[in-house]
Every structure is written in C-alpha cells, then in structure tokens.
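No lab work stands behind these numbers, since they all come straight from the coordinates. Keep in mind that what you see is a predicted model, and the values were worked out from it rather than measured. No Cβ is skipped: glycine too gets one built from the backbone with ideal geometry, and neighbour counts run over all protein chains shown.
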Amino acid sequence: MAPPKDKTTFDWRKMLYNLLLVLVLPLVALYLLWRLAVLGKSWEGLGERFGILPDPIKALKDSEGPIVWVHAVSVGEVAAAEPIVRELRLAEPAAQIVLSTTTPTGRKMATQLNLDLEGLIYFPFDLPGVSEHALTAISPDLIVLMEAELWPNLLAAAHAMSIPVAVINGRISDAAYPKNRLFRPLFAWVLSNVELLCAQSEKDAQRFVTLGASPQRVIVSGNTKFDEDFPYVPPEEEAKWRQDFGFPQESPVLLAGSTHPGEDEQILDAFDQLHAQHPDLELVIAPRHPQRGDDIEKLVSEHGYATYRRSRVLAEIEAGKKLDLSRGAQVRVVILDTIGELSRVFSVATVVFMGGSLVPRGGHNILQPLAQGKPVIFGPYTHNFRDISALALREDAAIQAANATELMGAVDRLLSSEAEHELYQAKGQTLLHKYAGASRRAVTELARLLDQP
C-alpha cells in the first residue's frame, strides 16, 4: 500500500495562484474602497468575508450532529441549493447546516426562502489564512459547493484539514471550457482536492475529467434546479398582483424576466409592435439586477409609456403613504425591480421571455416560469443553462428565438393560438416531472461522505 499523502507538501501551483493574488490584491483593494466610499456598498458582512464569523457559528462545533457548509454564490445557486438543504434534512436530521453566499441578493434570497439553517454567512475571501481561519471557526464535516465554485485556497486548506469537499450541479460552460484548458495544471491541482463531483450532464463530467478530476470521483446526477420547491400561486393571489399592477383580469401579459442591458430596448421595441396587434397586451420587465430600475424607467418613458415601479410602491407603502395606483388612459409598463417576487409574479404572465439570452450573458433559469405553467421563450445565448435549455428544446417544451424579430413572432403566435399556448403549458410540466430527482441522488452521495470515518 502506498504511504498516505503528505498534505503539507509544497505545491508550486498553490504558490503560483497566491502570487497572482498578491499581484492583483492592490487593484481589488482599490475596487473595494471605491465601493465603500463612493457606492456605499460592501459594508455588509465585511468581517465575515475576512473569516471573522459570529459566535453562534463558532458554537456549532459543540453541538451534536455533523456540520455541513453549503456555499451558493447568488440567487440562482441559492435556488439550486434549496432542494439540497431539504433532502439533507431528510437524510441527516441531526446535521447542522451553514449556508454562505457571495452576494447580498443571494443572502436575501436565502432569507426569503426560509431555508432550515443553523447559520447564514458571507463567503470568506479566498486568501491564505482567511480560508483556514473560516474553516477552523466553522469546523465542518463536509463542504458542499454549488455549480462552479472552485476556490483554490479553500479547497487546499480543506484537504489539509481532512475535510471532504463535494461539488453539486457541477458545470463548465462552453465559453469557459477553452480558457480552463489553458490552465489545466492549476485545475488538476484544484480538482484533486474535491472528493465528489456531481456533474449536471455527461458533457460536464467529461470536461471535469479532461481538466484533471479523477474519473472515480465524478458522477452525473443531473440538475437540482428541477427539484426546486416552486411556489404555488392561488388564483386569488394572481388576481391581487393584477389588481396591484392595474392590469385587467383578462388581459394577456408579456413578462420579460431577468433582463440585462441591451435586452430591455429590444423588448420595448417588440412590445411597440405587438401592442399594435394585441391592444390589450400588458408588459412586465423584471431586471436581473434591481438597481437598473432607473435606467429601465427612462427607456420606458422614451417609448411613451407610464411606469409602475414596484420598489417605489413598496417604499411608499412602508412609509404609510396613501397610494393612487389608477393608471388612466396611458399604457403602463411594470418594472419589477425587487428581489424574491419574480417567482410568484410569473403567475400573471401569458408568455414569458427569460433574459440574459438575447445578449451574450448566458441566459437564466427557465424552470420557474415553466413550473407556473407558462410558455417560455429564450434567445440564442444559453451557455449558463446549456443543459436545461437543450432538454427543453429536445422535449419541445420551450421556444428559442434567434433575435428580437423571432421573439416577437413567437409571442404573437402564442397570443393568437390558444391550442399552441396550451401545448407548451403541458410540455413544460412534463419536462419538470421527467427530469426531477437530481437532489436526492446527490444527497445520497453526500450522506456516504459523511458516513466515512
């Protein structure tokens, strides 16, 4: 039998990675100072980002049951982690689960989902010393990273401390893969510190192996996003949303979800023409980043429409102001510049366009609107949701539009043909049921890691 690996052995790849960090650290520091001083951002959780964790987190090591640290970057990863947390509770009832996020929006999403957690923190910077300090404070028995979160110093420190690391929903996008191959030695070192890699698809699994992952540690478990606890929106809630927005109960609604700069203009141009053919059509734009609300409101005004800003309405309600939400004769576009409401607002849509796909951002999750029984259209850029979008197209459960003109034509067909509309509704539901179960398969493997001595 070969001797056990010396986990303190010098590794030139780690030295190179940290040398590069040292070189870029001044730029990162200047960026953080600019966010602090100019934008007033990054204050929240700054201590946690340096590994200084609150006492209740550090006290978990004194409790019974294994400690599982789950990391999810932002909103999408938190949604994918929700069924993992749920299945972990069933498989390991005594587990103490800590969730970390990178972004404030991800943290807010985790709070709104009411996940059953023992702790919620910001992810520490991947710096020497910081990773070790955070690991010592949490003392996890298992680390679970969602999707593509491979942080070299954290993984190296976990390996040195004999803490197993698992990656769930592992994926490598088409855009990232060629660049990753240029740094294969670095990826091989990073992946050597991962005990289990649950890939979304065969293609992702093969890419991880090509980059240096041990084939024995890679399995294909599917995408946990199919297992999300999608909200049920009763008819009376849908009616309330419509009333709040000033939409007649029977009017068709085009909802553009998770849009990015460059898409809102195209959506509004398409709406101009669609509204001429469907005079009662309403429009909701939900930007991926709510802080873009002002920019979108300006675009809407340039097209001659009034606006309903959801964030502004909520602020006035909180301030106790009496609101006059009557719309008058002018067409009004709803700007849903809030976090956590979109999954329920999908219920008012007749047709949904999922953003990030008409511009090269890689697309966003189409499963939430499908779960609400809505026909979904997306653009040509889908590399962030390559497998979900490919499955949807293969099952004829969604429509891909190459450009704004094709998008407008697809919306027009769905608004004009009740039969086609109902067909896409049914096929979307079939897709969700057919590919569910990834979370249970992944958690079965996580439980095996926890059971190892």
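Using Cβ point charges alone (K and R +1, D and E -1), the dipole size of the chain about the Cα centre works out to roughly 1200 debye. Structural descriptor for the chain: relative contact order 13 percent, calculated from alpha carbon pairs under 8 angstrom and at least 6 residues apart. Estimated from helices alone, the mean residue ellipticity of the chain at 222 nm is -13500 deg cm²/dmol (sum of -39500 (n - 2.57) over DSSP H runs with n ≥ 4, per residue). Take each peptide in 259-265, 61-67, 151-157, 429-435, count the other Cβ atoms within 10 Å of every residue, and average; sorted highest first, the result is 151-157, 259-265, 429-435, 61-67. For the stretch 383-399, backbone phi angles converted through the Karplus equation (6.51, -1.76, 1.60; θ = phi - 60°) give residue-by-residue couplings of 5, 6, 10, 3, 6, 5, 5, 5, 5, 4, 6, 5, 8, 6, 9, 8, 10 Hz, Gly and Pro being listed as x.
Cα gyration tensor of the stretch 170-237, axes a ≥ b ≥ c as square roots of the eigenvalues: rounded (a/c below 1.5), prolate (a/b > b/c) or oblate? It comes out prolate by the Cα gyration axes. So how far, in whole Å, is the C-alpha centre of the stretch 186-250 from the one of the stretch 57-77? Comparing the Cα centres of the stretch 186-250 and the stretch 57-77, I get a distance of 19 Å.
Classify the stretch 233-278 as rounded, prolate or oblate from the Cα gyration tensor: take a ≥ b ≥ c as the square roots of its eigenvalues, call it rounded if a/c is under 1.5, otherwise prolate when a/b beats b/c and oblate if not. Since a/c reaches 1.5 but b/c is at least a/b, the shape of the stretch 233-278 is classed as oblate. Note on residue 58: aspartates and glutamates with a C-alpha under 16 Å away, same-chain residues under 8 apart excluded, are 48, 118, 132, 141.
Computed over the stretch 235-434, relative contact order equals 21 percent, with contacts defined as Cα pairs under 8 Å that lie 6+ residues apart. This ranking places 162, 74 by how few other beta-carbon atoms lie within 10 Å of each, fewest first, which gives 162, 74.
Counting neighbouring Cβ atoms within 10 Å and putting the fewest first, the residues 150, 30, 60 line up as 30, 60, 150. Within the straight-line cut-off of under 22 Å between alpha carbons, the lysines reachable from residue 14 are 5, 179, sequence neighbours fewer than 8 places apart in one chain being disregarded. Separation of the stretch 81-126 and the stretch 313-343, taken as the distance between their Cα centroids, equals 30 angstrom. Taking amide hydrogens as placed 1.01 Å from N in the peptide plane, the amide H of residue 144 sits under 5 Å from those of 69, 70, 71, 166, each at least 5 positions away in sequence or on another chain. A cut-off of 5 Å between modelled amide H atoms, ignoring neighbours fewer than 5 places along the same chain, links residue 305 with no other residue.
Listed by chain and number, the lysines whose C-alpha is less than 21 Å from the C-alpha of residue 374, apart from same-chain residues fewer than 8 away, are 225, 240, 427, 434. Going from the fewest other Cβ atoms within 10 Å to the most, the residues 203, 322, 225, 179 appear in the order 322, 179, 203, 225.
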